[in-house]
1. If r is the Cβ-Cβ distance from B:LYS128 to B:GLU77 and R0 is 22 Å, what FRET efficiency results, to the nearest 0.05?
2. Any chance you could check the stretch B:165-179 for residues losing 50 Å² or more of accessible area when the partner protein chains are in, compared with the chain on its own (1.4 Å probe)?
3. Pop a pseudo-label 7 angstrom from the Cα along the beta-carbon direction at both A:GLN365 and B:GLU239 and give the gap in nm to one decimal.
4. Given points 7 Å out from each Cα along the Cα-Cβ axis, report the B:GLN211 to B:ASN373 separation in nanometres with one decimal.
5. Restricting attention to the alpha-carbon atoms of chain B, what are Rg (one decimal) and Dmax (integer), both in Å?
6. From zero outward in steps of 10 Å, how is the percent of C-alpha pairs of the stretch A:89-174 spread across the bins?
7. Once amide H atoms are built 1.01 Å from N in the peptide plane, which residues 5 or more positions from B:ALA277, or in another chain, come under 5 Å H to H?
8. If Lys and Arg each add +1 and Asp and Glu each add -1, what is the summed charge of the other residues whose beta carbon sits under 9 Å from the beta carbon of A:LYS279?
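The values are calculated or read from the model by the stated rules, or taken from the named source; none is laboratory data. Fair warning: this is a prediction, and the values are worked out from it, not measured in the lab. Because the Cβ atoms are built from the backbone with ideal geometry, glycine has one as well, and the counts that use them run over all protein chains shown. The accessibility values were calculated without ligands, DNA or RNA, using every heavy atom of the protein model including side chains. Shrake-Rupley method; radii C 1.70, N 1.55, O 1.52, S 1.80 Å.
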Amino acid sequence: MIEETKVLTSRIHKKDSHTLESYREDGGYEAAAMALAMDPDEVTAIVKDSGLRGRGGAGFPTGLKWTFLPKDRDFTYLCVNADESEPGTFKDRVILDLDPHLMIEGTVISCHALKSEHAFIYIRGEFCRPYRRLVAAVQEAYEAGILGDNVLGTGRKLDITIHKGAGAYICGEETALLNSIEGLRGQPRIKPPFPTNHGLFGRSTVINNVETLANVPVILKEGAEVYRSRGTEKSPGTRLFSVSGHVERPGVYELEHGVSFKDMLNDICGGVKGGRALKAVVPGGSSVPVLTAEESMKLQMDFESCQECGTMLGSAGVIVMDETTDMVWALDKLTHFYAHESCGQCTPCREGTGWVAELVHLINQGRAKSADFDKLIDLGTQICGNTICVFSDAVFMPVMSYTTKFRSEFESKLIDSAPVHEKVGA
Amino acid sequence: MAKITINGVEQAVEDGLYLIEAARRCGVDIPHYCYHPGLPVEGNCRMCSVEVEGIPKLQTACTTIVQDGMVVITDSEKVVGERSDVMEFLLRNHPIDCPICDQAGECGLQDYYMEHGLHDSRITVSEKVKKKKRVDLGPNVVLDSERCILCTRCVRFCKDVVGTEELVIKNRSNHAEITTFPGKGLVNPYALNTVDICPVGALTSRKFRFQCRVWYMKNATSICPGCERGCNIWIDHHENKIQRLRPRLNPDVNNYWMCDEGRLDFHWINDDRVLRAEGPDGLMRPDEADRAVLALLSNPGDVLIVASPRSTNESLFALKRFVEVALPGAALTGGSFRPTGDDDGFLRLPDKNPNSRGMREIGIAGDLENRLNGSAGVVLVFENDLLGDRPDLESVLAGKKVVAFTSNRTATARGADLVVPVTTYAELNGSFTNHAGLRQEFRSAIRPPGDSRSVFDVVKSLSGLLGKELGWESETALTKEMTDVITGWGVRVEEETELHAG
């Protein structure tokens, strides 16, 4: 019987956990004070040693990303990506809503490490209460001298600007996020140049996820050694898993990396809803390849195990689907979402996602022929790879995995599909 | 210089070039829609994807900067397949209404489909996304959203070339559309360039829409006579009528662009022309007209000849020689009363005459107003609408015999005693010298209508009647002498090949 390892979420069930007073009671901003007394490069080294990997989806080592900043830069921005929009992922919301100061402390420490005096928090437009609480928390931090011209009495400067998005999924892509903050149309930029060299307003910029930054005070407080003691070697630390779908107790759970999916499902989430059989699992947010029940039973929830299984841990948004789920219907919903959210910049993605969505919808309605199904598979490969950002891959992966692993379900909905039962006497 | 290998051939190219431009200079054409050499790169159409050795994914040639030792393949199966895929996607929601589309015949989609697509359609018309077919973006430009492939050339033109930022994209995914902000229009004075750079039929010129099929038109190189900038243009004509003017690449003068004012200023060449010489007794043949003019020239001291900075260098040079050789004693002056405009910092310049500098360098004095107020009783006005530009001159000209050598029925022509038709710049081989001293040659595009003759032919005939020789067998001889005599005019400006994408 496994249990939650509450490191980041240790405070979220307390009353008024979102206030500075409550945060301070639990030793808040001590890590920041400690970090500010250190050399910035020392802080970076600790984060690098901890092996912290980005929690936004790609899992890129955070400390390594920080060292990509050019040495001779004159100005640095930190952007906090709080535009959590991946279907099935809702863990940043919990931090923003229930413990915003944890993330702000992480921002203070990170800005010190990056020698940045200005951080931007790009928060998803639909987050209403988290937004209000974040604004209040930043206000509190300014009033308490944690932000402003004299950060924690050290004489250093740090300003935080909160920017509310307007509801576009693509603005969670880091360069689209930069464009959106700059007041431009929210669409990804061509890389290179990478944001570390030419980012927000043309300045060196680091973009980190909310959960990633929430890990930073913990690392500073505990030290890299203790932090590494949790999780696996290549995926250290704990992870906030957003579990949704057909489970008895959906929600956000903090577990160590490397926990088996089976244990998580049965011990933490209370098993599949109504005791029904498991059919499919999406382990890392809607855009990663789906797993069958059989595959998922062998799955461990860390970056490298997921990759071995042919999927990705992504943003750790676990979507559980039981035997009653119509996989064609599920893909229909998903492709509809992606077709709506393509920024429309690159030709293959703009035209392809809409086309894919239309074909899946046609199949789901039972109006498609086998030629349409073949076309769908064909389109999947056509869209992938030739675009500015990885959005098209995010469409390609579910389309290919759903149609391959649950092919019979798709075929049975085709008008000219082979009859399911053989004729008597044939 | 960087050494790159394109399709197995090693070539040296300039550092810092985008791969697509480097390849073009090496003679390898990479298909593209969103890339335009006069605009910042965007990399969104994905048509120019090529294989670069060492990089697993295809790279867009328009965003990749050449590096020494780069090995590029532009014709592999993977690249060709990708182009075909992109073509299929571009045509996915395109209405394919070529029969009623003005772009047909010079359309990037048609050209590249024949070259890189040729796939069978896998969609039916009813599945296509419907958008607005006729959006009035501004006074001169009409948008068909369904045809648009969202390459954003027009958006970037307004943002980065003109700086007015009128055009934006609204909506996402396959519902994305070009639009202006609510209540605003595409009103910048260079708006029609967006029609040129649009690789498909999405943006059309309100004046040219449904006027002429492009494959009927012939084109000639010319110079815009709208101001002293001397933008290089194409004259597109059909059945001896000018259908449209388009900018022609010249990095030293106008780059890829021209202003709307100059572009739309050609209807006077097609319409309202003087076709026959006209005197007090009615219409005349050219020889009758010349004799009528001659009759007025008996006392050269009483004659004032008014030249125009709208005339070509060749006309002005011939006119000057005519006065020197055949009519010594007559006064020659030049100038224009055309209202001046503003220097807008881009292309348009204040002086609305194309050849003021040429006239000065040929040596025709600009003391027009003084001379008109002088005592001369006979005024020969060449291609100059004195009364149209300055109606108050009517009293000055009232007591004088006025001969108007003109292409159109101008106010001056209406008030003249004798009207002789001459050609416009579109019917002449000639040259203008722009504000910077650059002498730019152009070719005749259409045939002169009616009895219109060039100024050279007119003065040649007049001097013949006077028993004098101008000294040139042909206009070529004239040009040769002129360019020999005037400093700096012998330099020939090489014509750049036009980079017209799509």
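1. Details: r = 30 Å, r/R0 = 1.34.
Here the calculated transfer efficiency is 0.15.
2. Residues passing the criterion (a loss of at least 50 Å², heavy atoms only) are B:ARG172, B:SER173, B:ASN174.
3. Here the modelled spin labels are 4.8 nm apart.
4. 4.2 nm
5. When restricted to the Cα atoms of chain B, Rg and Dmax are 27.0, 86 Å.
6. For the stretch A:89-174, the pair-distance distribution reads 17, 49, 28, 5.
7. The list, which skips near neighbours in sequence, is B:MET284.
8. Spelling it out: positives minus negatives among the neighbours equals -1.
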